[in-house]
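Okay, so here's the structure we're looking at.
The values are calculated or read from the model by the stated rules, or taken from the named source; none is laboratory data. Please read all numbers here as calculations on a predicted model, not as lab measurements. Ideal geometry is used to build each Cβ from the backbone, glycine not excepted, and the neighbour counts take in all protein chains shown. Protein only, heavy atoms only, side chains kept; ligands, DNA and RNA dropped before computing areas. Shrake-Rupley method; radii C 1.70, N 1.55, O 1.52, S 1.80 Å.
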Amino acid sequence: MSAPIVPSPRIRATRRSVRIVFYLWIASVTLRGIVALSLIYWLAPLGRDWLAGGHTTPSSVIVDRHGEHLYELIDPHGGAQRAIPLDEMPLHLRQAVIATEDATFYGNPGFSLPAMVRALWQNLRHGEIVSGASTITQQVARQTMPPAERYEQSARRKVREVWLAYRLTRTHSKDEILALYLNTSYFGNQAYGIDAAARGYFAKPARELNLAESALLVGLLQSPAAHNPLTHPDAARARQTIVLERMASAGYITEDRATLALREPLYYGGEPFGIRAPHFSLLVREQLASILDEETLAQGGLTVVTTLDWGLQREAEVQVRRHLDTLNQPSAEAPGHRVRNAAVVALAPDGAVRVMVGSPDYFDASISGAVNAALALRQPGSALKPFTYAAAFERGMSPATVVSDVRTTFVTAEGEPFVPINYDRVFRGPVPLREALGSSYNVVAVRVQDRIGIPALPDMAQRVGITSLSQPERHGLALTLGGAEVSLLQLTGAYGTLATGGQLVRPYLIAEVRDAQGRVLYAHEPPAPQQTMDARVAYMVTDILADPAARIPGFGRGSALELPYPAAVKTGTTNQWRDNWAVGYTSEWTVGVWVGNADNTPMERASGVTGAAPIWNAIMRLAHPTAPMPLGRPEGLVDVEICTRSGLLPTEACAHRRHELFLPEHAPTETCDMHRILVLDALTGEPATPSTPQERRVRRTVTYWPADALAWALEQGLPMPHGWTGERDPLANGQARARDDAAPYLTSPDHRGVYRLSHELPQEHQQLRIAAVCPACAVGDELHLWANGALLYTWVTPPYHLLWPLAEGEHVLSIVHHPLGANPVEGEPVEIAVIVQSP
């Protein structure tokens with residue numbers, strides 16, 4: 001038997017090498033297969049027609065608090081879209097997109113490597129994704145992905161996006177990609193594609209868009225919700241400015257053309273589609289994005305339960321249109337009021353928005369009907385005054401505090417004169433704050449603001465939910481007259497805070513969101529109570545606003561502010577009749593109304609009482625089928641009988657009295673010193689002496705006017721105590737009244753006033769009225785008027801008035817009180833300029 005053949009060592013080594021090579025080849029093939037499969041998973045497009053991106057999702061629906069259908073949120077890929085060819089898109093529109101979104105669009109391969117490196121560096125530096133560096137082509141590619149992946153923040157999604165963009169560039173021309181981008185991008189306001197956006201915002205096809213409109217729509221692409229011109233007009237305009245600046249920098253337009261486009265007015269309106277309460281419903285849609293993540297929203301099938309009461313909303317819309325029609329009807333006495341817009345907000349006590357009317361017709365572009373005037377910032381006029389008085393009541397004043405409604409000159413931060421006047425141009429002398437607020441006297445409000453300090457009002461406004469008064473220095477004392485801007489929604493919420501006794505009312509629109517299976521994804525949770533002011537202070541303001549007697553001097557009887565039950569209400573009217581307001585509340589409802597024009601053009605003599613108040617009255621009646629419970633009075637207030645003319649405890653000389661509300665710590669303790677009973681000689685009219693026969697002695701009540709109201713009283717022809725010099729009581733043995741120790745001051749002319757001198761008029765007809773007040777003057781005192789360092793006139797008794805011939809040049813007037821036997825007291829100088837009027 002032969003021995004087995006044993007392979008040589010060389011043969012054995014060769015066989016081992018073959019096996020190793022074979023195993024390596026198997027491993028290589030396997031690895032390449034895995035890599036290929038991974039690349040397919042990562043990069044391969046979905047389906048043969050991958051640009052269609054057809055991922056139809058079920059619609060979501062917005063309903064009112066009772067389940068009434070308001071609006072259906074249709075999946076953009078499953079719903080109708082208006083795709084138009086590129087040649088129907090204006091050239092300036094295409095240029096705006098390229099300048100803003102992808103300056104290298106026509107030269108890049110679908111992605112920009114420098115931009116990606118820059119974005120990577122920024123993201124690493126910030127520790128989060130702050131920049132995406134996506135080109136137009138990448139944004140189109142992203143739309144082909146399923147919703148779950150489209151909003152994914154991952155390297156895998158970014159790599160797939162770049163790969164698909166590269167594929168897209170190799171299979172489609174740049175013009176085709178640009179058309180795809182503009183036809184599929186979301187522009188907000190439920191508008192997908194540029195043609196839908198043009199029709200949704202401007203009620204016109206895309207081919208008719210001008211440069212200003214195109215720049216505004218392109219500006220929406222970055223963030224449709226944040227730049228929505230219907231809810232955030234300032235942000236939209238700011239973004240439009242950026243788009244136009246980039247177009248000019250890229251050389252597409254000149255800087256002059258960009259400037260002209262910025263000045264061009266925009267008129268918003270949309271084409272009709274199936275929606276109820278459109279301003280409210282679209283605001284709900286916008287707010288959903290802050291409540292739910294994008295992936296959940298993209299899946300659809302949601303039921304969004306809102307706070308709206310569709311029945312009351314529908315009635316409010318009818319009342320708005322009906323009253324605007326009435327206002328614009330010309331009559332024999334007056335033409336129409338030229339008013340085209342109005343807005344309404346109605347809140348439940350917890351802040352739930354039951355009514356939101358943003359305009360009389362959302363789809364009417366001629367009135368910019370798509371603009372939500374409930375959110376627009378407008379000047380509130382006197383509607384802001386209650387918060388000035390609330391701040392004053394916190395600082396020791398009360399509804400009984402008396403302030404003189406007289407011509408008063410204030411000096412602004414710029415050194416310019418500011419002279420407030422009342423709505424009816426009438427001054428009423430000393431008035432209590434109850435009447436001043438109820439009848440909306442401007443002069444008193446400014447004097448109160450001056451006394452408590454300008455920062456007091458924005459501080460109070462911030463506490464009650466008004467966030468737009470962030471720069472009070474821009475408006476100065478005019479802030480209390482509504483010189484700043486607020487939104488109707490925030491102002492109504494602030495009044496709601498007064499209604500709840502100072503507990504902050506935060507308006508909200510969404511009560512609950514459920515998915516297709518009925519699971520609750522979101523439910524509104526009432527925030528922790530926040531007390532913004534003393535409940536007693538809030539009630540004092542409420543008590544004034546609900547007092548019909550306090551409104552009579554300013555508004556008369558039987559106005560639209562009166563209801564069959566108590567309701568607190570305040571109106572506001574701005575300069576040149578541009579805005580008017582009526583905001584008020586009961587224990588059950590707070591309703592705010594704004595009337596005006598969206599383009600800020602003036603109305604024709606429409607005030608808060610004639611413009612907004614009738615709508616407010618009608619909606620309050622609809623909202624209250626039965627009389628509401630009265631607004632509850634908190635504990636800790638006291639009722640004190642006072643003299644209404646002085647605000648102090650009455651004496652037998654005080655004929656006008658009432659019981660007034662006070663915080664106990666601020667209740668009056670002094671008796672009235674404004675009224676006094678004197679015994680006079682009926683024959684001479686002078687004070688009786690010991691020798692005056694009894695039959696000639698008569699008792700008369702006399703009034704000693706406050707120093708700052710003396711000139712007013714004299715102008716009104718009101719009686720003065722016999723022998724009284726005006727500022728001191730002749731029966732007080734020469735002792736100055738406690739509050740009359742101030743320096744003298746000039747009430748006319750105004751500091752830094754400018755006056756014109758004409759050579760065509762006689763000199764005697766060109767004289768300046770100089771008037772002064774001397775709070776501490778007494779019998780025997782002198783008041784000196786100086787002009788340019790020279791003594792001009794000396795008074796020994798009031799009134800301190802003088803007519804001074806105008807003389808060209810700059811002049812300094814000053815007033816000096818020379819008390820008998822005491823040092824002189826000089827008042828603040830007043831500078832004026834007299835210029836010659838050109839022929």
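Magnitude of the charge dipole for the chain, about its Cα centre and with charges confined to Cβ atoms of Lys, Arg (+1) and Asp, Glu (-1), is about 3940 debye. Close amide H partners of residue 511, meaning residues 5 or more places away or on another chain with modelled amide H under 5 Å apart, are 305, 306, 307.
At the listed q of 0.20, 0.24 Å⁻¹, the Debye profile of the stretch 779-839, built from one uniform point per Cα, gives log10 I(q)/I(0) equal to -0.81, -1.05. Using equal-weight Cα scatterers in the Debye expression, the normalised intensity of the stretch 195-317 in log10 at q = 0.20 Å⁻¹ is -1.18.
Could you sort 813-819, 410-416 so that the peptide with the highest average Cβ count within 10 Å comes first and the rest follow in order? Present the calculation step by step, with values, prior to reporting the outcome.
Working: 813-819: 19.9, 410-416: 12.6.
Top of the packing list down: 813-819, 410-416.
Element breakdown for the chain at a 1.4 angstrom probe: carbon and sulfur atoms account for 54% of the accessible area. Taking the inverse of the mean reciprocal distance over all distinct Cα pairs, the Kirkwood hydrodynamic radius of the stretch 328-443 comes to 18.1 Å. Couplings 3J(HN,Hα) of the stretch 703-708, computed from phi: 10, 9, 6, x, 4, 6 Hz, in residue order, whole Hz [Karplus 6.51 cos²θ - 1.76 cosθ + 1.60, θ = phi - 60°; x for Gly and Pro]. What does a probe at residue 786 reach in the stretch 819-839, counting residues whose amide N is under 20 Å from the point 7 Å along Cα→Cβ? What the label zone holds, given the 20 Å backbone N cut-off, is 819-833.
Note that the chain presents 47 Å² accessible area per residue, ligands and nucleic acids not counted, probe 1.4 Å.
Based on a Kirkwood Rh over C-alpha pairs, give the Stokes-Einstein translational diffusion coefficient of the stretch 471-525 at 25 °C and viscosity 0.890 mPa s in µm²/s.
D = 171 µm²/s.
Site pair residue 88 and residue 273 shows an inter-label distance of 1.6 nm when each label is modelled 7 Å from Cα along Cα→Cβ. With contacts taken as Cα pairs under 8 Å and at least 6 residues apart, the chain reaches a relative contact order of 9 percent. Place +1 on the Cβ of every Lys and Arg and -1 on the Cβ of every Asp and Glu in the stretch 559-670, take the dipole about the Cα centre, and give the residue among 624, 643, 607 whose Cα lies farthest towards its positive end. Among 624, 643, 607, the one farthest towards the positive end of the dipole of the stretch 559-670 is 607.
Gyration tensor analysis over the Cα atoms of the stretch 489-629 returns equivalent ellipsoid semi-axes of 30, 21, 15 Å (largest first, whole Å).
Listed peptides 800-811, 608-619 appear in the order 608-619, 800-811 once ranked by packing, highest mean of other Cβ atoms within 10 Å at the front. The HN-Hα couplings worked out from phi for the stretch 397-403 by the Karplus form 6.51 cos²θ - 1.76 cosθ + 1.60 (θ = phi - 60°) are 7, 8, x, 8, 4, 9, 10 Hz, whole numbers, x standing for Gly and Pro. Measuring with a 1.4 angstrom probe and ignoring ligands and nucleic acids, residue 654 comes out at about 10 Å² accessible. Residues whose amide H lies under 5 Å from that of residue 753, counting only those 5 or more places away or on a different chain, are 833; hydrogens are built 1.01 Å from N in the peptide plane.
On full extension, the segment bounded by residue 759 and residue 159 gains 207.7 nm, given 0.36 nm per residue less the C-alpha separation. Under 5 Å between amide hydrogens, built in the peptide plane, is the criterion, and for residue 403 it picks out 431, 433 among residues at least 5 positions away or on other chains.
What's the local net charge at residue 534, with K and R +1, D and E -1, over the other residues with C-beta under 15 Å away?
With Lys, Arg at +1 and Asp, Glu at -1, the net is -1.
Peptides 101-110, 303-312, 576-585 ranked from most to least packed, by the mean per-residue count of other Cβ atoms within 10 Å: 576-585, 303-312, 101-110.
For the stretch 756-768, backbone phi angles converted through the Karplus equation (6.51, -1.76, 1.60; θ = phi - 60°) give residue-by-residue couplings of 10, 10, 10, 6, 8, 10, x, 4, 5, 9, 10, 10, 9 Hz, Gly and Pro being listed as x. The distance linking the stretch 351-375 with the stretch 459-508 is 21 Å (Cα centroid to Cα centroid, whole angstrom).
Set against the 2.2 N^0.38 Å expectation for a compact globular protein, the chain has a Cα radius of gyration ratio of 1.32. Modelled label positions at residue 514 and residue 769, each set 7 Å beyond Cα in the direction of Cβ, lie 7.1 nm from each other.
Taking the Cβ-Cβ separation of residue 652 and residue 694 as r and a Förster radius of 22 Å, what is the calculated FRET efficiency to the nearest 0.05? My answer for the efficiency is 0.60. Dividing the mean sequence gap of close Cα pairs (under 8 Å, 6+ apart) by how many residues the stretch 175-292 holds gives a relative contact order of 22 percent. Ordered by 1.4 Å accessible area with all protein chains kept, 321, 696 run largest first as 321, 696. Pairwise inverse Cα distances across the stretch 149-266, averaged and inverted, put the Kirkwood hydrodynamic radius at 15.7 Å. Counting Lys and Arg as +1 and Asp and Glu as -1 over every other residue whose Cβ lies under 10 Å from the Cβ of residue 688, the net charge comes to +1. Think of each Lys and Arg Cβ as +1 and each Asp and Glu Cβ as -1; about the Cα centre, that makes the dipole of the stretch 389-429 roughly 180 debye.
Given R0 = 35 Å, the distance between the Cβ atoms of residue 322 and residue 451 translates into a calculated FRET efficiency of 0.20. For the stretch 392-537, the Kirkwood estimate of the hydrodynamic radius, built from every pair of different alpha carbons, is 17.5 Å. By the Cα gyration tensor, the stretch 571-706 has an equivalent ellipsoid whose semi-axes, rounded to whole angstrom, run 49, 24, 13 from largest to smallest.
On the beta carbon distance between residue 418 and residue 600, with R0 = 35 Å, the FRET formula returns roughly 0.95. Multiplying the residue separation of residue 263 and residue 794 by 0.36 nm and removing their Cα-Cα distance gives an extension gain of 185.5 nm. Farthest towards the positive end of the charge dipole of the stretch 159-225, among the residues 203, 217, 171, is the Cα of 171, using unit charges on the Cβ of Lys, Arg, Asp and Glu.
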